[in-house]
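Structure first, commentary second.
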Amino acid sequence: MKAEIYQLLHVFSIILLTGFTFYAVSNPQKHLKKLLSMITGILAVLALVGGAGLMAKLGYSWGTPWVIVKIVCWLALSAMSGMAFRKSKSVVLSGTILAVGVALYMVYFRPF
(Lines give C-alpha, C1' and ligand atoms only; values in the text may rest on other atoms or scores of the structure.)
Protein backbone atom coordinates (compact mmCIF):
# COMPACT_ATOMS: atom_id res chain seq x y z
CA MET A 1 0.00 0.00 0.00
CA LYS A 2 1.01 3.60 -0.39
CA ALA A 3 2.46 5.59 2.50
CA GLU A 4 -0.45 8.02 2.30
CA ILE A 5 -2.93 5.24 3.12
CA TYR A 6 -0.91 4.23 6.18
CA GLN A 7 -0.69 7.87 7.23
CA LEU A 8 -4.44 8.35 6.85
CA LEU A 9 -5.13 5.16 8.81
CA HIS A 10 -2.73 6.18 11.57
CA VAL A 11 -3.89 9.77 11.97
CA PHE A 12 -7.60 8.99 11.65
CA SER A 13 -7.45 6.18 14.20
CA ILE A 14 -5.49 8.33 16.68
CA ILE A 15 -8.03 11.15 16.35
CA LEU A 16 -10.90 8.71 16.92
CA LEU A 17 -9.06 7.03 19.81
CA THR A 18 -8.55 10.38 21.49
CA GLY A 19 -12.18 11.32 20.91
CA PHE A 20 -13.53 8.07 22.33
CA THR A 21 -11.22 8.45 25.33
CA PHE A 22 -12.63 11.89 26.02
CA TYR A 23 -16.13 10.46 25.59
CA ALA A 24 -15.41 7.71 28.11
CA VAL A 25 -14.17 10.31 30.59
CA SER A 26 -17.16 12.56 30.15
CA ASN A 27 -19.73 9.76 30.29
CA PRO A 28 -18.37 6.77 32.29
CA GLN A 29 -21.53 4.67 32.38
CA LYS A 30 -21.16 1.00 33.28
CA HIS A 31 -23.28 -0.27 30.37
CA LEU A 32 -20.99 1.51 27.85
CA LYS A 33 -17.76 0.14 29.33
CA LYS A 34 -17.58 -3.02 27.19
CA LEU A 35 -18.49 -1.21 23.96
CA LEU A 36 -16.04 1.62 24.52
CA SER A 37 -13.30 -0.82 25.50
CA MET A 38 -13.80 -2.75 22.26
CA ILE A 39 -13.85 0.37 20.11
CA THR A 40 -10.76 1.91 21.69
CA GLY A 41 -8.90 -1.40 21.51
CA ILE A 42 -9.62 -1.77 17.80
CA LEU A 43 -8.61 1.84 17.18
CA ALA A 44 -5.38 1.34 19.13
CA VAL A 45 -4.47 -1.66 16.99
CA LEU A 46 -5.30 0.27 13.81
CA ALA A 47 -3.07 3.13 14.99
CA LEU A 48 -0.22 0.70 15.60
CA VAL A 49 -0.65 -0.98 12.21
CA GLY A 50 -0.81 2.38 10.44
CA GLY A 51 2.24 3.67 12.27
CA ALA A 52 4.27 0.51 11.67
CA GLY A 53 3.34 0.47 7.99
CA LEU A 54 4.26 4.11 7.65
CA MET A 55 7.61 3.49 9.35
CA ALA A 56 8.33 0.62 6.97
CA LYS A 57 7.45 2.70 3.92
CA LEU A 58 9.54 5.68 5.05
CA GLY A 59 12.51 3.57 6.15
CA TYR A 60 12.61 4.28 9.90
CA SER A 61 13.71 1.65 12.41
CA TRP A 62 12.10 0.68 15.71
CA GLY A 63 15.20 1.72 17.65
CA THR A 64 15.03 5.40 16.75
CA PRO A 65 14.54 7.41 19.97
CA TRP A 66 11.54 9.40 18.76
CA VAL A 67 9.82 6.17 17.66
CA ILE A 68 10.32 4.68 21.13
CA VAL A 69 8.80 7.80 22.72
CA LYS A 70 5.84 7.61 20.33
CA ILE A 71 5.26 3.95 21.23
CA VAL A 72 5.22 4.89 24.92
CA CYS A 73 2.71 7.65 24.13
CA TRP A 74 0.61 5.15 22.18
CA LEU A 75 0.61 2.76 25.15
CA ALA A 76 -0.36 5.60 27.50
CA LEU A 77 -3.18 6.77 25.24
CA SER A 78 -4.44 3.21 24.86
CA ALA A 79 -4.49 2.77 28.63
CA MET A 80 -6.32 6.02 29.32
CA SER A 81 -9.67 4.84 27.93
CA GLY A 82 -9.72 1.89 30.31
CA MET A 83 -8.68 4.10 33.18
CA ALA A 84 -11.64 6.40 32.52
CA PHE A 85 -13.87 4.00 34.42
CA ARG A 86 -11.51 3.64 37.40
CA LYS A 87 -9.55 6.88 37.93
CA SER A 88 -10.57 10.48 38.37
CA LYS A 89 -11.34 12.65 35.37
CA SER A 90 -8.38 14.94 35.92
CA VAL A 91 -5.85 12.08 35.85
CA VAL A 92 -7.21 10.61 32.63
CA LEU A 93 -7.64 13.96 30.89
CA SER A 94 -4.15 15.07 31.88
CA GLY A 95 -2.63 11.79 30.73
CA THR A 96 -4.48 11.90 27.42
CA ILE A 97 -3.49 15.48 26.67
CA LEU A 98 0.11 14.82 27.71
CA ALA A 99 0.41 11.66 25.60
CA VAL A 100 -1.05 13.30 22.48
CA GLY A 101 1.02 16.46 23.00
CA VAL A 102 4.32 14.60 23.40
CA ALA A 103 3.55 12.39 20.39
CA LEU A 104 2.80 15.41 18.22
CA TYR A 105 5.97 17.13 19.41
CA MET A 106 8.01 14.04 18.51
CA VAL A 107 6.54 13.90 15.01
CA TYR A 108 7.05 17.53 14.07
CA PHE A 109 10.25 18.47 15.90
CA ARG A 110 12.17 15.17 16.50
CA PRO A 111 14.52 16.62 19.12
CA PHE A 112 16.77 13.54 19.14
Quiz item: If you keep only loop residues by DSSP, which trypsin sites (Lys or Arg not before Pro) in the range 1-61 have at most 12 other Cβ atoms within 10 Å of their Cβ?
Solution: LYS2
Quiz item: Share of the range 58-112's accessible area from carbon and sulfur, percent, 1.4 Å?
Solution: 72
Quiz item: Counting Lys and Arg as +1 and Asp and Glu as -1, each charge on the Cβ, what is the dipole of the chain about the Cα centre in debye, to the nearest 20?
Solution: 320
Self-check item: Residue-normalised accessible area of the chain, expressed per residue, 1.4 Å probe, Å²
Solution: 61
Quiz item: Can you list, bin by bin at 10 Å, the percent of alpha carbon pairs in the chain, starting at 0?
Solution: 15, 46, 29, 10, 1
Quiz item: Using alpha carbons only, how many degrees (0 to 90, rounded to 10) separate the axis of helix 65-83 from the longest principal axis of the chain?
Solution: 20
Quiz prompt | Local electrostatic count, TYR60, Cβ distance below 14 Å [Lys/Arg +1, Asp/Glu -1] | solution = +3
Self-check item: Normalised contact order of the chain, rounded percent, pairs of Cα under 8 Å and 6 or more residues apart
Solution: 35
Practice problem: Holding the Cα-Cα limit at 29 Å, pick out from LYS2/LYS30; LYS2/LYS87; LYS34/LYS70; LYS33/LYS70 the pairs that are longer than that. | Solution: LYS2/LYS30; LYS2/LYS87
Practice problem: Select from VAL72, LEU35, VAL107 the residue farthest towards the positive end of the dipole of the chain; place +1 on Cβ of Lys and Arg, -1 on Cβ of Asp and Glu, and compute about the Cα centre. | Solution: LEU35
Practice problem: Per DSSP H run of at least 4 residues, take -39500 (n - 2.57); add these up for the chain, divide by its residues and hand me the 222 nm value, nearest 500 deg cm²/dmol. | Solution: -28000 deg cm²/dmol
Quiz item: How would MET1, MET83, MET106 rank on accessible area, largest to smallest, probe 1.4 Å?
Solution: MET1, MET83, MET106
Practice problem: Using only Cα atoms, find the angle between the long axis of helix 3-26 and the longest principal axis of the chain, and express it within 0 to 90 degrees, rounded to the nearest 10. | Solution: 20
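The values are calculated or read from the model by the stated rules, or taken from the named source; none is laboratory data. Quick caveat: nothing in here was measured; it's all calculated off a predicted structure. Neighbour counts run over all protein chains shown; Cβ positions are idealised from the backbone, glycine included. When the accessible area is computed, the model is the full protein with side chains, heavy atoms only, and any ligands, DNA or RNA have been set aside. Shrake-Rupley method; radii C 1.70, N 1.55, O 1.52, S 1.80 Å.
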